[in-house]
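Just below is one structure, and these are the notes that go with it.
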Amino acid sequence: MDNPEEQVDRHKGAKGRSIDERLRDNPILRARLEAIIAIAENEDGAIERADDAEQRAIEELQKLGNELMHARASRQQERKSEEQQRQGDPSVRRHGKKKSTGTQALEKSR
């Protein structure tokens, strides 16, 4: 089995950032990982059975997966929209507050 320090070196991001740097930039991921570590450490003694710890860890991993998929989809959509705006695609509209107050009535209604 590999030395854990070697594993960390191999798993640095594409930009060579450490796991700590990357987690600092992703608070949702950090919070879920901290919750999983807390389950594993069971410092407060709240989890008595290994089956319960496993179930809670699985639940946290499912939540993590769901959050990561939603965050990834949002980032992809933002990038796609920005790229279409840069290319001058007229079908892309920016979201923002409408500036129109509506059309004025030409005559009074009866």
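Arrange the following residues from fewest to most other Cβ atoms within 10 Å of their Cβ: 37, 47. The fewest-first ordering by Cβ neighbours comes to 37, 47.
Once you have a ≥ b ≥ c as the square roots of the Cα gyration tensor eigenvalues for the range 4-86, tell me rounded if a/c is under 1.5, and otherwise prolate or oblate according to whether a/b is larger than b/c. Oblate is the answer for the range 4-86, as a/c is 1.5 or above yet b/c matches or exceeds a/b. Of 106, 64, the sequence from fewest to most neighbouring Cβ atoms within 10 angstrom is 106, 64.
As a rough footprinting exposure proxy, the listed residues 17, 49 were ranked by other beta carbons within 10 Å of their own, and the order from fewest upward is 49, 17.
Put a plus charge on the Cβ of each Lys and Arg, a minus charge on the Cβ of each Asp and Glu, and nothing anywhere else: the dipole of the range 4-86 about its Cα centre is then about 820 debye.
Read-outs: derived from the displayed coordinates by stated rules, not from any lab. Just so it is clear, the model here is predicted, and its values are computed rather than measured. Cβ coordinates were reconstructed from backbone atoms using ideal geometry, including for glycine residues, and neighbour counts include every protein chain displayed.
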